[in-house]
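**Student:** Structure incoming, see below.
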Amino acid sequence: MRILLTGATGFVGGAAAADLAARGLLGQTVFLVRAADAEQGAARVRATLERFGTPAALAQSVTAAQVVCGDLTGVGEFASSPLLEGLTHVLHCAALATFSSNPRIWASNVDGTLALARAVLARSKLQRWLQVGTAMCCGPGMASPVNESWEAGAAAEAHLVPYTRSKVAVELALRELPGLPLVVARPSIVVGHSVLGCDPSPSIFWVFRMAFALERFTCAPDERIDIIPADWCASALVSLCLKPALAHDLYHVSAGMGANRFSEIDTAYAAAAGTAPVASRYQQVPVDQLRELVPLFQQRLGRVNRLLILRALMLYGAFAELNYVFANQRLLAEGIPPAPALTGYIGECVRTSEHVPMTEQMAHDFK
Ligand SMILES: NC(=O)c1ccc[n+]([C@@H]2O[C@H](COP(=O)([O-])OP(=O)(O)OC[C@H]3O[C@@H](n4cnc5c(N)ncnc54)[C@H](OP(=O)(O)O)[C@@H]3O)[C@@H](O)[C@H]2O)c1
């Protein structure tokens with residue numbers, strides 16, 4: 001077995017690298033990394049592994065000889081690397097994962113991914129290409145729970161952000177690539193790590209901090225929010241990548257009907273923060289009325305860039321307003337255990353966020 005992992009310096013890919021390390025597969029893994037040279041790339045992977053709790057001695061075993069230096073927007077520059085030969089599995093986590101309108105989204109997520117798949121196919125006889133998508137690629141207007149199906153997303157004309165459009169477009173294009181043993185895994189919303197809290201990445205946790213500080217957001221108290229921790233997500237992705245036979249070629253990696261309700265998250269967050277739950281003071285605010293909260297920002301969030309906060313709340317609030325839970329029967333039927341509930345590990349997220357300003361956490365999601 002010889003695995004190519006992309007995106008290993010990121011949130012989901014970093015957790016996947018740590019999962020491969022825990023399975024004793026680090027030595028059989030090759031990494032595609034953006035770096036000046038392979039030594040710097042290996043150093044980035046080692047640092048990420050340690051950030052995700054891999055013991056230092058194991059993390060430090062990654063060498064430059066395992067690193068393909070490169071950017072998805074320039075696959076031609078490394079397509080002939082000998083490290084792309086003899087691969088059996090690809091776990092493709094790398095993507096420009098942002099809700100902003102970064103002009104490089106399509107070049108990275110669609111064109112770059114297709115070019116990488118072609119380059120690998122030309123040099124390796126693959127058993128599986130595990131394409132990490134996003135469950136939100138289904139677009140607005142779906143009935144919840146959203147089913148694990150190719151139809152979810154294929155017909156979506158409207159998208160809240162260019163990122164989700166790019167993620168469904170590349171899946172459909174990969175599906176047309178002759179000889180690619182494609183399996184798509186679509187995670188729901190990844191927040192924190194079930195043991196390390198927000199230390200590896202604060203991505204999206206700041207939304208809860210803001211919602212509770214403002215006592216207002218777009219979701220209803222009894223609404224389920226489909227959140228999964230990075231380590232469980234990564235373990236499910238690695239299992240889907242390596243399992244010799246799978247019943248399907250598309251899966252949600254999600255909490256499904258096991259997802260916590262917003263009110264349960266409120267109670268658990270308050271217990272961890274040593275405050276009272278927002279509970280009866282909470283007001284659900286439609287996304288088009290969020291701008292009325294601007295006067296509250298200074299009062300509740302401190303000195304902040306109000307326009308930036310409003311934009312962030314509107315983007316994330318629009319997704320929350322979709323009120324989606326993502327069905328995960330296929331995943332569970334493959335023998336993958338259910339996701340740990342956010343309420344079970346939110347204490348770690350609160351603890352590891354205590355000394356980090358909300359706006360600093362937010363900046364992580366606006367690349
Ligand atoms: N986080 C979530 O809630 C979530 C939910 C559903 C699905 N996903 C999916 O999970 C995957 C990873 O997301 P994430 O949250 O882990 O994002 P992330 O933390 O931003 O990590 C992205 C990774 O991709 C790499 N990358 C980005 N653009 C690249 C390019 N042009 N060439 C080569 N590498 C590039 C980054 O490398 P650098 O370190 O060099 O920037 C980093 O390693 C994505 O496919 C995303 O769609 C995430």
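**Student:** With the requirement that a residue be open to solvent by 40 Å² or more (accessible area, probe 1.4 Å) and within 13 Å of PHE212 (Cβ to Cβ), what does the stretch 280-292 give you?
**Tutor:** ARG281, GLN283, listed by residue number.
**Student:** Taking the condition in contact (Cβ under 8 Å) with a residue 40 or more places away in the chain and either β-branched (Val, Ile, Thr) or not assigned by TED's automatic domain parsing to the domain that holds LEU296 (or both), does ALA234 pass?
**Tutor:** Considered against the rule, which asks whether it is in contact (Cβ under 8 Å) with a residue 40 or more places away in the chain and either β-branched (Val, Ile, Thr) or not assigned by TED's automatic domain parsing to the domain that holds LEU296 (or both), ALA234 comes out as yes.
**Student:** Can you tell me which residue in the stretch 41-70 is farthest from LEU4 (Cα to Cα), limited to those that are in a helix (DSSP H, G or I) and within 11 Å of the ligand (Cβ to nearest atom)?
**Tutor:** ALA47
**Student:** Also, I was wondering about something else. Going through the stretch 130-141 one residue at a time, which ones are within 9 Å of the ligand (Cβ to nearest atom) and either out of contact with any helix residue (DSSP H, G or I) (no Cβ under 8 Å at 6 or more places or on another chain) or not β-branched (Val, Ile, Thr) (or both)?
**Tutor:** GLN131, GLY133, ALA135, MET136, CYS137, listed by residue number.
**Student:** Another question, if that's okay. Looking only at the stretch 230-245, decide whether some residue is open to solvent by 10 Å² or more (accessible area, probe 1.4 Å), among the β-branched types (Val, Ile, Thr) and more than 25 Å from VAL304 (Cβ to Cβ).
**Tutor:** No - not one qualifying residue is present in the stretch 230-245.
**Student:** Here is a further query. Would you mind stating whether THR98 is within 11 Å of the ligand (Cβ to nearest atom), in the same structural domain as ALA173 (by TED's automatic domain parsing), assigned to a loop (DSSP other than H, G, I, E, B) and hydroxyl-bearing (Ser, Thr, Tyr)?
**Tutor:** yes
**Student:** Inside the stretch 155-168, can you point out the residues that are of a type outside the set (S, T, N, Q) and surrounded by 20 or more Cβ atoms within 10 Å (Cβ to Cβ)?
**Tutor:** Correct list: TYR163, ARG165, LYS167, VAL168.
**Student:** Collect the residues in the stretch 103-129 that are in contact with a helix residue (DSSP H, G or I) (Cβ under 8 Å, 6 or more places away or on another chain) and polar (S, T, N, Q), keeping them in residue-number order.
**Tutor:** Scanning the stretch 103-129 gives SER108, ASN109, THR113, SER124.
**Student:** Quick check on my filter: what residues within the stretch 246-267 are open to solvent by 10 Å² or more (accessible area, probe 1.4 Å), over 30 Å from GLN289 (Cα atoms) and either within 16 Å of the ligand (Cβ to nearest atom) or of a type in the set (A, V, I, L, M, F, W, C) (or both)?
**Tutor:** LEU246, ALA247
**Student:** Scan the stretch 1-17 residue by residue and report those that are part of a helix (DSSP H, G or I) and more than 10 Å from the ligand (Cβ to nearest atom).
**Tutor:** Once the filter is applied, which keeps residues that are part of a helix (DSSP H, G or I) and more than 10 Å from the ligand (Cβ to nearest atom), the stretch 1-17 yields nothing.
**Student:** Please state which one of PRO277, PRO340, PRO295 is open to solvent by 80 Å² or more (accessible area, probe 1.4 Å) and either more than 29 Å from HIS159 (Cβ to Cβ) or part of a helix (DSSP H, G or I) (or both).
**Tutor:** PRO295
The values are calculated or read from the model by the stated rules, or taken from the named source; none is laboratory data. Treat the numbers as computed from the prediction; the structure is a model and nothing was measured. Positions of Cβ are generated from backbone atoms using ideal geometry, with glycine treated the same way; all protein chains shown enter the neighbour counts. The area values use the complete protein model at the heavy-atom level, side chains included, leaving out ligands, DNA and RNA. Shrake-Rupley method; radii C 1.70, N 1.55, O 1.52, S 1.80 Å.
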